[in-house]
Every structure is written in structure tokens, then in C-alpha cells.
Amino acid sequence: MATSTITRPATRSGGLALIGGVILLVFASLVFPGGVLLDPVDQTDFPVALEAMAENASLAHLASMLSIIGMLLYAYAALTWLRLPQQPGLGGTLLRLGVFTSLFGWGLYVIAMGMRHFSIHLMQRSMQSGADTAMFESLALSVYAPMAGIIIALVTVYPVASILVGLGLGSRFGAMSIFKLASYGLALMGVLAGINFLVLQHAPGIDPVVILRIDNGMLSFGSLCFIIIGLGMYLGQGELSSDD
């Protein structure tokens, strides 16, 4: 593949979208009530997690909205990968399949964040004067629990998507570069995340919180890979640039 550095509009905007999506998602995860920094709680304890969100509902709504926007930016960036010059052989097929798998997974996440918005709203209703607190809290829990199931579905999908996209992008490069390393790093992250999920399924004795923390660490590594790939797109790296 060519290694020219001609910056094309579609690639440039896709790279910015990818970097912007990472920034928004990381920021949202940091400020989300009950998460990493603000009043951290055990996210597997649903009533406690809901209570943490209800105590700072406005910030929880903001973090959820930023997460949705971040995923939409990811989706835009992925669609620009479909505009890359067609590559013969397995690499091109893997990339296209990876894009569609990613879009499906990110769509699941957007749905989950919509459900989280609604569960926060129900918790807000439970705190209003004269409200049937127990009823609204029960309704919020009935929305939040299926939301967690959708997140599990995403955890099943995103390792596969990461492997496909990473191998598809990495195969476009001839010589070794930081962009090729980031692409294959994305594939490696997918493999490790898949193993982590299998451990969660078949080793129930391990605390789920431990598995969740490991998964978050791998997602952080994947985010770094995305930033490097997005930078390559923005700079017009030949293997990551479209023809228009």
C-alpha cells in the first residue's frame, strides 16, 4: 500500500471523530456518578448503583449523553474505513466485516445508554414529593437490569469487532510503523477481552468486579490504539486515507 501523506477531507474528519469519540467516552466514564472517580460503588450491585446515579442525576444524564455522542463519532469514523481503497484478499474482507460488527456493537451501547437515561429519570421521579418511592425504584431497577444484559451483549461483540478491525487495518501496512502496531494492538486487545469474558462465564468464583476492572484496563489500551489510528487518519497516512 502507498505511504503518502496526502490529507483527504473524509479521512481527516474521520480521524478527528475517532479521537473526539475517545475523549468523550473517557471523560464520561470519569465523571459518571458511582464510577471511577465520583462516589465509586460496586456496579454489579444494581440498587446501590442506581442510588449513586440518583444522588447526582444531572451529571449522570450528562455522562450518558456524552457516551452516546462518543459512540456516534466512533460510528462515523468506522464508516470512513469503508471508503478506503479496496484491498484484495482477506484483509479487506476482515475490515469490512469488522466495521459492520462494530456498528452493531456500538448500536447496542447507544440503546443501553438510552435505558440508563430512563432509569435515572425514574429514580428522579422516586425522589419527588408525594411520589410512590418504592414503585419508581422498582421500575428503575426493572429497566437497569436489562440494560446490564445489553452491556453484556456488547462485551460479547466488541472483542470480535476489535480483532476484525485490527487485523483488517494492520494488513494494509507493509513496513512496520506506530499505526500498524496500533492496529494489531487493537486486535490483541480483542483477543484478551474475549479471554477475559470467557473467564467470567466459566469461573464464577472470581469476583465480577475484578473481571470488570481488567476489562476497563483493556478498553483503555484499545482507546489509546484508536487515538493513534485516528491521528494517522487525520495526518493523511496513506494506508488510512480514502481516495476522496
Specify which of the listed residues (Ser58, Ser67, Ser29) is part of a helix (DSSP H, G or I) and loosely packed, with under 15 Cβ neighbours inside 10 Å. Ser58
I'd like the full set of residues that are of a type in the set (A, V, I, L, M), farther than 15 Å from Leu84 by Cα and in contact with a Gly (Cβ under 9 Å, 6 or more places away or on another chain), limited to region 168-190. Ile178, Leu181, Ala182, Leu186, Ala187, Leu188, Met189
Condition (residue is aromatic (Phe, Trp, Tyr) and closer than 17 Å to Met123 by Cβ) applied to region 41-49: is it met by at least one residue? yes
Of the candidates Met113, Met147, Met127, the one satisfying the condition of being aliphatic (A, V, I, L, M), more than 16 Å from the chain's Cα centre (by Cα) and within 22 Å of Pro47 (Cβ to Cβ) is Met127
Scan region 126-145 for residues that are surrounded by 17 or more Cβ atoms within 10 Å (Cβ to Cβ) and either outside any helix (DSSP H, G or I) or without any contact (Cβ under 8 Å) to a residue 40 or more places away in the chain (or both) and report the count. 3
Taking the criterion of being farther than 29 Å from Thr44 by Cβ, out of contact with any Cys (no Cβ under 7 Å at 6 or more places or on another chain) and in a helix (DSSP H, G or I), would at least one residue in region 201-214 satisfy it? no
Residue check, Phe179 against (1) more than 19 Å from Leu90 (Cα to Cα); (2) without any contact (Cβ under 8 Å) to a residue 60 or more places away in the chain; (3) not acidic (Asp, Glu), all met but one. Which one? (2)
Tell me whether region 155-163 contains one or more residues that are within 22 Å of Ile68 (Cα to Cα), at pLDDT below 90 and either hydrophobic (A, V, I, L, M, F, W, C) or surrounded by 19 or more Cβ atoms within 10 Å (Cβ to Cβ) (or both). yes
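Conditions (1) surrounded by 15 or more Cβ atoms within 10 Å (Cβ to Cβ); (2) free of Cβ contacts under 8 Å to residues at least 60 places away in the same chain; (3) among the aromatic types (Phe, Trp, Tyr); (4) outside any helix (DSSP H, G or I), marked per residue:
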residue: Leu25; (1), (2), (3), (4): yes, no, no, no
residue: Asp39; (1), (2), (3), (4): no, yes, no, yes
residue: Met53; (1), (2), (3), (4): yes, no, no, no
residue: Tyr76; (1), (2), (3), (4): yes, no, yes, no
residue: Met113; (1), (2), (3), (4): yes, yes, no, no
Of Gly217, Gly230, the only residue that is under 23 Å from Ser29 (Cβ atoms), in a helix (DSSP H, G or I) and in contact (Cβ under 8 Å) with a residue 24 or more places away in the chain is Gly230
From Ala148, Ala153, grab the single residue that is assigned to a helix (DSSP H, G or I) and in contact (Cβ under 8 Å) with a residue 60 or more places away in the chain. Ala148
Which one of the conditions (1) modelled with pLDDT under 90; (2) touching a Lys or Arg at 6+ places or on another chain (Cβ under 9 Å) does Met233 fail to meet, given that it meets all the rest? (1)
Evaluate the following for Met135: is it within 16 Å of Met65 (Cα to Cα) and of a type outside the set (Lys, Arg)? no
Could you look through region 78-109, keep only residues that are at pLDDT below 95 and of a type in the set (Val, Ile, Thr), and pick out the one that is surrounded by the most Cβ atoms within 10 Å (Cβ to Cβ)? Thr80
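The values are calculated or read from the model by the stated rules, or taken from the named source; none is laboratory data. Being a predicted model, the structure only gives us computed values, none of them experimental. Cβ sites come from the backbone with ideal geometry, for glycine too, and all protein chains shown count toward neighbours.
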